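The structure is given below, and queries will be raised subsequently.
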Amino acid sequence: MAYLRTVTSRNIHTQEEVKTPFKQTPEDVHAIVRTIARRKYRYKQGENHALLLEKLNLENADFYEAHLEGARLNNTNLANASFRKAHLEEARLRRTILKGANFSLAHLEGAKLLGADLTGADLSGAFLYGTDLTDCIGLTQDQIIRANIDKKTQLPPYLLKSGEKGKRNS
């Protein structure tokens, strides 16, 4: 993890554009990400501590089918990353850059995405049951329609849950 932090660390306290984006995830970073994705034990299932991947530049990373339950990904650049079929239950993605990320069929039950930038993210079939999407940037009604949500899913006040009509009462 120390190597990953050294090669990808950056200050992401704001939603500024990345000055030197990765065109493609570097090979060594990709190998580390795939190893993390295939790990045997998971948080609260053999691991005592949550995976800590905060304040990193993991743009374009491939987390396909990764088990990242409870992971801490706050303030991380994950623009254009693939989380297709990934497990991010109870994950923390506060103020995370997720522009263009692919979350199709991903499990985000109970995840916290407060202040995350979801502009252009694919949420098709994503499981957002009980997920906190309060204050997300770039989240649209079309993204919500394509995702699976429930009564416990927290949306920004400008969005409606399936079946709601007219203006939401906060």
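The values are calculated or read from the model by the stated rules, or taken from the named source; none is laboratory data. Predicted model only: the values in this text are computed from it and were never measured. We place every Cβ from the backbone using ideal geometry, glycine too, and count neighbours over all the protein chains shown. For the accessible areas, the whole protein counts, side chains as well, though only heavy atoms, and no ligand, DNA or RNA atoms are used. Shrake-Rupley method; radii C 1.70, N 1.55, O 1.52, S 1.80 Å.
The rows are residues; the columns are (1) within 18 Å of residue 64 (Cβ to Cβ); (2) of a type in the set (A, V, I, L, M, F, W, C); (3) open to solvent by less than 40 Å² (accessible area, probe 1.4 Å).
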| site | (1), (2), (3) |
| --- | --- |
| 89 | yes, no, no |
| 94 | no, no, no |
| 100 | yes, no, yes |
| 106 | yes, yes, yes |
| 110 | no, no, yes |
| 113 | no, yes, yes |
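Among the listed residues 110, 120, 163, 130, which satisfies the condition of being assigned to a loop (DSSP other than H, G, I, E, B), at pLDDT below 95 and not basic (Lys, Arg)?
163
Taking the options 126, 116, name whichever one is touching a Phe, Trp or Tyr at 6+ places or on another chain (Cβ under 9 Å) and among the small types (Gly, Ala, Ser). Show your work before the answer.
Numbers: 116 fails: touching a Phe, Trp or Tyr at 6+ places or on another chain (Cβ under 9 Å).
Exactly one residue qualifies, and that residue is 126.
Six or more apart or on different chains, Cβ under 8 Å: which pairs go from a residue in the stretch 55-73 that's closer than 18 Å to residue 110 by Cα and open to solvent by 50 Å² or more (accessible area, probe 1.4 Å) to one that's assigned to a loop (DSSP other than H, G, I, E, B) and acidic (Asp, Glu)? Could you list them?
Cβ pairs passing all conditions: 72/54.
If residue 86 meets every condition in (1) within 22 Å of residue 52 (Cα to Cα); (2) out of contact with any helix residue (DSSP H, G or I) (no Cβ under 9 Å at 6 or more places or on another chain) apart from one, which number is that one?
Every condition holds for residue 86 apart from (2).
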